[in-house]
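Peer 1: After the structure tokens below, expect a handful of questions from me.
What follows draws every value from the coordinates through simple rules; no lab data is involved. These figures come from a predicted structure and were not determined experimentally. Ideal geometry is used to build each Cβ from the backbone, glycine not excepted, and the neighbour counts take in all protein chains shown.
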Amino acid sequence: MSDKQLQYTDGLVVQEVKPQLKRPQLYKVILLNDDYTPMEFVIVVLERFFHKNREEATRIMLHVHQKGIGVCGLYTREVAETKVRQVMVFSADNQHPLQCTMEPE
Ligand code: TYC
């Protein structure tokens, strides 16, 4: 999307303009491993807030369990912030220490 574009007015080429669309910065929403949150709870988090099916949720949960960290999905900033908040509130409400954070892609 970095090519210059020609802008047309009344059928005449009048000027070169910058492309008007920019892709938004995306953020990785990240889950962190801990020793206490039940595996089943993490799978439910991935199903409920990240719309993963059980198979994909299980794969991501096991990746985080084994590697210590893992990506749940890529989102624009405000969507990512909402997901992080939803996971943190849901975990605290259920007395689990599960940590969720975000970082620029
Ligand atoms: N390590 C946890 C256990 O053994 C499971 C777990 C997986 C916790 C992923 C957090 O983000 C996490 N019960």
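Peer 1: Residues in the stretch 30-43 that are more than 6 Å from the ligand (Cβ to nearest atom), in a helix (DSSP H, G or I) and either touching a helix residue (DSSP H, G or I) at 6+ places or on another chain (Cβ under 6 Å) or closer than 13 Å to CYS72 by Cβ (or both): how many?
Peer 2: 1
Peer 1: Please enumerate the residues belonging to the stretch 71-90 that are in a strand (DSSP E or B) and either farther than 10 Å from VAL29 by Cβ or away from the ligand (no atom under 16 Å from the Cβ) (or both).
Peer 2: In the first step, residues of the stretch 71-90 are kept if they are in a strand (DSSP E or B); the result is 71-76.
Within the stretch 71-90, LEU74, TYR75, THR76 qualify.
Peer 1: Every residue in the stretch 34-90 that is surrounded by fewer than 17 Cβ atoms within 10 Å (Cβ to Cβ), over 15 Å from MET102 (Cβ atoms) and under 12 Å from the mean Cα position of the chain (by Cα), please.
Peer 2: HIS51, the sole residue that qualifies.
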